[in-house]
Every structure is written in C-alpha cells, then in structure tokens.
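Structure, as structure tokens:
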Amino acid sequence: MGIDYAERIPNNVELASDRTLQRALERWQPAFLSWWKEMGPTDFNAADVYLRTAISVDAKGWAHYDYVRMPDYRWGIFLAEPEPDRRVGFGDGFGSPVWQQVPGEHRSTLRRLIVTQGDTEPASVEQQRLLGHTAPSLYDLRNLFQVNVEEGRHLWAMVYLLHAYFGRDGREEAEELLVRHSGDADKPRILGTFNEPIRDWLSFFMFTFFTDRDGKFQLKSFAESSFDPLARTCRFMLTEEAHHMFVGDTGISRVTKRTLEVMDELGTDEPEAVRRAGAIDLPTIQRYLNFWFSSSLDLFGSEASSNAAAYFAQGIKGRPDEKKFDDHLAREATFALDVPADAGRVRQDHVPLRNAMNEVVRNAYVEDCARGLARWNKLIEASGHGFRFTLPSTRFRRTIGNWANVPTDPSGRPIARDEYDAKLPSWLPSDDDRAFVASLMHRVVEPGTMAAWIAPPDKGIKDRPVDYEYVRLA
Ligand SMILES: [Fe+2]
Ligand SMILES: [Fe+2]
C-alpha cells in the first residue's frame, strides 16, 4: 500500500519523488515503530501529549503544537535551507565548493561519524524510558516526551543520510541502530555515557544539561562539514536541541530554587534537615553534577587525536562556529595541553592545533556549561547562602585521553591513588544519595501541581499556563 509521504513523513527532501529512498524508509519504518513500542516510553502510548512537531523548516512550520499520541508522532526529515554557493570553511580544501555527494575517499569516515551520532539519539530514549512513571508534574512529563520524540526524529535524520548517501552498507547500519541498546551487555550503545542508567529526574535534568549539550557541540561541529547534507541536517537538529538543554537548565534551577526555599523555611542548610523536609540538599546536587559532567567530557575524545586532525584537514568535521576563527587552515598553529607527568606533576605539551581539535571543542563546551552554573549560583547568592556549584576540572575522573585513569581531585590536582579511591565516593552520588533521590520520585498528575522537591516553572509551554493539562493520561 502506498504512503502519502508528505503526510506520514513530513519532509523537505522530495521524498515523494525518490523511489529508492522511499523503499529504504518503508522497510525501516516498521522496525523503528516496533523499537519505539518496545524500548520507548511504552506505558504512555495511549496518552495525548501536547507536543511540538516539525512540519516544515520555515519559522512557522517547524514548531507546530497539538495533542498527539507518541506512536502517531510524525517523525519528519528536515534539512536547513541550502546556503547558495556554500564553500568548504576549513581544512586543506578551504574555499572549494562543498560536497553534495560523499567523496569516495571519505565514505567510511563519514559513515562512522554519522552512525556514532545516530546511535546516541535512540540511546537516550532508552535511558529515559521509565521516567514517565515518576514525573514531578504534567508540565515535566510533557517535556520528557518532547525530548524523547525529538531524539527519535534525530535518529530519523541520521538514518535519512545513511539511506540516501551510503547505499547498502548505510541501510545495514540503519538497522543496527535499532539493535544496539543502552546498557545491553552484548550489544551496548557505542559511547559510554549513553549506557549509564537514568533512574531519577535529577539525573534526567543533569543529562539534558550536560549530555545533550555535548550533542549540541557535536552538531555544531558537523554543521560546519563540507558534506553539505550533513551540515544542513545538523543545523536543523540544533533548533530542536535548544529545548532539551532548556529542560536541563531550568530543571536544575527549579530544584535549586525549591531547596533554597526549604533552607530558608528551616533556617538551616544542614543536608539532613533539608532532606527530612523533602528537598534535595545542594551538596547532593553537586555530586550528581560531578558525575554527569565528567562522564560527558569523555564524549569529546582524546585531547590529542590524529583522527580529529584528519577530520579537520579533510573538511569533514570543523570547530563550532568556525567563522569566528581567523585561521581556517590551522596548519602552523600549536596548542598547549596540560598532561600528567611524573610524581604528581603537570607538564605542558605543545601539539599541532589540528591534533587538538577535540580539546578546542571540549573547552567551548566547558565554557557553555559554566554559564549555566553561574545562573544557578546567582539564585543561591541572591538568597544569601554561601554554597556555590563548581564544575570539576576536565582532568577529573576521565577514562579517555591524557588524563584517563589519572587520580585527581575535582579541582584537577593529581593525588595518590589510595587517596582518590578513598575520596571518590564523597565526590559522586553514593548509594545513599541515589536511594534518597529515588525516595522522592513520585508521580504528580494534577495539572499545575509540582512534586515537593521542585519549584514550578516560570511559565508554561507555548503561552499555555503552567496548570495546563499538558498530558491527558489514558
Ligand atoms: Fe538529539
Ligand atoms: Fe537532545
């Protein structure tokens, strides 16, 4: 039976006139839907959710709001509008026309990068699949589902590239994206952070703040790619990604705000007292932050990387906002890296800038994270308390790169292994912390009502009030 493509799969890639692509997607779509029904937020398939759906790329169409059942969400395929006469923006081919097809010599590299990005999208849906049962409000439940369906669409976006530009091996990779699962012992997701369980909403907010933000920087790097369909795909994904980080940023703000209210009511910042009053003490929030930030840092790869140098030289993966740099060739420049030396000392290495591209991107990410912390700290400061959130050093608790398995404290100071082993549990969420946070996780379904551990948002979604019925549970 034929499919009305514009209706079922809203797109701006002329799907209706591309028979090969239609056939590939027709085969893949049922597998995607059964993956969603098995690995997605399965218990909420019958709920009507007030969701944003992209139905075109222009300002009006990309954010269409209505009640939708998630299995009926229209996972569309959208690329940002082409830039006329776009040129390669960095690397050895600087200034030559961008590629509308995959150059043979870059085929396997591009395929691997697209698969790695694509793998993270369904992974996060799997990680978050049970959170609906403990949502602190209907507003939050709706935001969770919005993030979930958009990560599903991001998977579609990567599968589109695989189907449209990589032939048979692209189709095989697209199938594999539904076979690996987060945390699966035999077929895990490709990147470490995407195999970490997300069991509570504090972790969810940390994940959307820190791990989705890694995604933002990866997408910004790919948005510079000379492979134009990839660049345009990622540019459009970034418009959706902004909401995911908003969910994390405001989520942590609201948790902090509620904690401060409780501290003021009690007249103490003593963690046990705050906990007894049903809020999450600030040091526990800091430990969750330490965990998710340090885990996400590894996603950028090694500080010095010959792969990163090759991606840059070849024009495949650039720096976020490449235009703001003066030197797009980066042939001569070097980059100073702190590396561990003997006896707990730190030495500086100078590596070719091209080899340090992962670190350049990671540093931009860290700066972006720090802006969020500054906002949360303003709340604490305004309420007159002395506590401040801090970002751990990029050396802390790394498993990839120069600092992999080097014991340091959260400030990045190298310390003895036994001191590290003894103190690490106090820097990360303990079993007791996790059990406490889990004990707060109860579903709240009355419109406008919030769980006691989180403040209400400043405003609702799309001009709706906070007490709007964002999810009509079946
Ligand atoms: Fe995504
Ligand atoms: Fe995301």
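Throughout, read-outs are computed from the coordinates displayed, never taken from laboratory work. Bear in mind that the values here come from a model prediction, so they are computed numbers and not experimental data. Neighbour counts are summed over all protein chains in view; Cβ atoms, including those assigned to glycine, are modelled from backbone coordinates with ideal geometry.
In the stretch 86-472, with Lys and Arg counted as +1 and Asp and Glu as -1 at Cβ, which of these residues, 194, 273, 307, has the Cα nearest the positive end of the dipole, that is, farthest along it?
307
So for the chain: antiparallel DSSP bridges make up what percent, rounded to the nearest 5?
Expressed as a percentage, antiparallel bridges in the chain total about 90.
Net charge near residue 73, counting Lys/Arg +1 and Asp/Glu -1 over other residues with Cβ under 12 Å of its Cβ?
In short, 0.
Order the peptides 144-153, 190-199, 77-86 from the highest to the lowest mean number of other Cβ atoms within 10 Å of their residues.
144-153, 190-199, 77-86
Stick to the Cα atoms of the stretch 321-428, pair each with every other, and give me the Kirkwood hydrodynamic radius in Å at one decimal.
16.3 Å
Which net charge results for the neighbourhood of residue 165, defined as the other residues with beta-carbon distances under 10 angstrom from its beta-carbon, given Lys and Arg at +1 and Asp and Glu at -1?
Charge balance near residue 165 sits at +2.
In deg cm²/dmol and to the nearest 500, what is the mean residue ellipticity at 222 nm of the chain if only DSSP H runs of at least 4 residues count, each as -39500 (n - 2.57), divided by the residue total?
Numbers: 14 runs with 217 residues, N = 474.
Theoretical 222 nm ellipticity from helices: -15000 deg cm²/dmol.
Considering Cα pairs under 8 angstrom that are at least six residues apart, work out the relative contact order of the stretch 107-196 and quote it in whole percent.
Values: 86 pairs, mean separation 36.0, N = 90.
Relative contact order comes out at 40 percent.
Between residue 29 and residue 452, what is 0.36 nm times their sequence separation minus the Cα-Cα distance? Round to one decimal in nm.
148.2 nm
Sort 21-34, 385-398 by the packing proxy (mean of other Cβ within 10 Å over each peptide's residues), most packed first.
385-398, 21-34
Where does each of 321-327, 162-168 land if you order them by average Cβ count within 10 Å, highest first? Let's see the in-between values first.
Values: 321-327: 10.4, 162-168: 18.6.
With the highest mean Cβ count within 10 Å placed first, the list reads 162-168, 321-327.
In whole Å, how far is the Cα centre of the stretch 89-158 from that of the stretch 396-474?
One Cα centre to the other: 23 Å.
Tell me which DSSP H helices of the chain clear both cut-offs, 27 Å or more of axial length from alpha-carbon atoms and a mean Kyte-Doolittle hydropathy of at least 0.0.
Within the chain the helices that satisfy the rule are 138-165.
Quick one: compute the contact order of the stretch 86-472, relative version, from alpha carbon pairs under 8 angstrom and 6+ residues apart, as a percent.
Relative contact order comes out at 23 percent.
Quick one: grab the alpha carbon gyration tensor of the chain, order the square roots of its eigenvalues as a ≥ b ≥ c, and give me rounded if a/c is under 1.5, else prolate or oblate depending on whether a/b is larger than b/c. Provide the component values of the computation, followed by the final result.
Numbers: a/c = 1.87, a/b = 1.12, b/c = 1.67.
Note, shape of the chain comes out oblate.
With a cut-off of 8 Å between alpha carbons and a minimum separation of six or more residues, what is the relative contact order of the stretch 1-94 in percent?
Once normalised by length, the contact order is 30 percent.
Along the Cα-to-C-beta direction of residue 418, a point sits 7 Å from the Cα; which residues of the stretch 331-365 have their amide N less than 20 Å from that point?
343-345
Count charges around residue 89 for me, please; just the other residues with Cβ under 10 Å from its Cβ, Lys/Arg as +1, Asp/Glu as -1.
Value of the local net charge: +2.
Using only the alpha-carbon atoms, what does the stretch 374-457 span along each of its principal axes? Please give whole angstrom values in decreasing order.
50, 30, 23
Can you give me the pair-distance distribution of the stretch 210-360, C-alpha pairs, 10 Å bins, whole percents?
Taking all Cα pairs of the stretch 210-360, the binned fractions are 10, 27, 26, 20, 13, 4 percent.
Once Lys and Arg get +1 and Asp and Glu get -1 on their Cβ, which of 356, 344, 135 lies farthest toward the positive end of the dipole of the chain?
Positive-most Cα among the choices belongs to 356.
In debye, nearest 20: dipole of the stretch 86-472 around its Cα centre with unit charges on the Cβ of K, R (+) and D, E (-)? Mind dumping the intermediate values first?
On the way: 50 positive and 57 negative charges, 153 e Å.
Computed about the Cα centre, the dipole is about 740 debye.
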